[in-house]
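> This is the structure I have questions about; it appears just below.
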Amino acid sequence: MGDFTERIGIRTVSFEGGVCIMECALEDLHMSTADRVHGGVFFTMLDTAMGRAVISKLPEGRGCATLEAKINYFRPVQHGSLRAEARVLTMTRNTAFVESTLTDSEQRVVCRASGTFMLTESRTQTDRERV
């Protein structure tokens with residue numbers, strides 16, 4: 001069945017060296033009641049791309065979790081496709097700071113996000129590790 005992002009049509013193009021690229025061909029399921037792509041689709045793509053960019057810099061088996069994220073929306077999208085690109089800007093022993101950009105099929109910037117990620121010892125975390 002796949003993970004959440006795959007189930008809603010978001011696919012990973014590449015993720016390595018602190019950079020992740022994801023794409024999504026838009027369908028009716030991505031639309032809000034206002035007949036444009038739901039902001040949650042934008043945020044899901046950017047948050048996932050940022051997390052995968054971080055994971056691409058970690059040793060096998062380690063993971064991360066979003067501590068905080070900020071998004072700025074610039075324009076609506078009603079059709080076509082989306083492309084997210086995320087890049088790790090800095091990483092310490094415990095956290096990573098990442099920026100990402102989402103563009104439409106005409107290469108216009110739709111929104112941008114930044115986030116801080118907690119680095120974890122494994123892909124799944126215990127309750128104790130989350131605090």
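Just so you know, all these numbers are worked out from the coordinates, no wet-lab data involved. Computed from a predicted model, the values in this text were never measured in an experiment. Cβ atoms come from the backbone with ideal geometry, glycine included; neighbour counts cover every protein chain shown.
> Divide by every residue of the chain the summed helix terms, -39500 (n - 2.57) for each DSSP H run of at least 4, and state the resulting mean residue ellipticity at 222 nm, rounded to the nearest 500 deg cm²/dmol.
Helix contribution divided over all residues of the chain: -5000 deg cm²/dmol.
> How far apart, in nm, are two points set 7 Å out from the Cα along the Cα-to-Cβ line at Glu60 and at Gln107?
3.8
> Once you put a point 7 Å from the Cα of Phe43 and another 7 Å from the Cα of Thr92, both along the Cβ direction, what distance in nm separates them?
About 2.6 nm separates the two model spin labels.
> Using unit Cβ charges (K, R positive; D, E negative) and no other charged atoms, how large, in debye to the nearest 20, is the dipole of segment 1-108 about its Cα centre?
Dipole size: approximately 360 debye.
> Let me ask something additional. Over the chain, what is the relative contact order in percent, taking alpha-carbon pairs closer than 8 angstrom and at least six residues apart?
Taking the mean separation of contacting Cα pairs over the length of the chain, I get 26 percent.
> What is the Cα centroid distance between segment 1-44 and segment 59-113, reported in whole angstrom?
11
> Between the helical axis of 39-55 and the dominant principal axis of the chain, each derived from Cα atoms, what acute angle in degrees is found, rounded to the nearest 10?
30
> Something else about it: If I compute Rg and Dmax of the Cα atoms in Å from the structure I just sent, which labelled value in (i) 19.2, 64; (ii) 26.3, 106; (iii) 14.8, 45 lines up?
Label (iii) holds the value from this structure.
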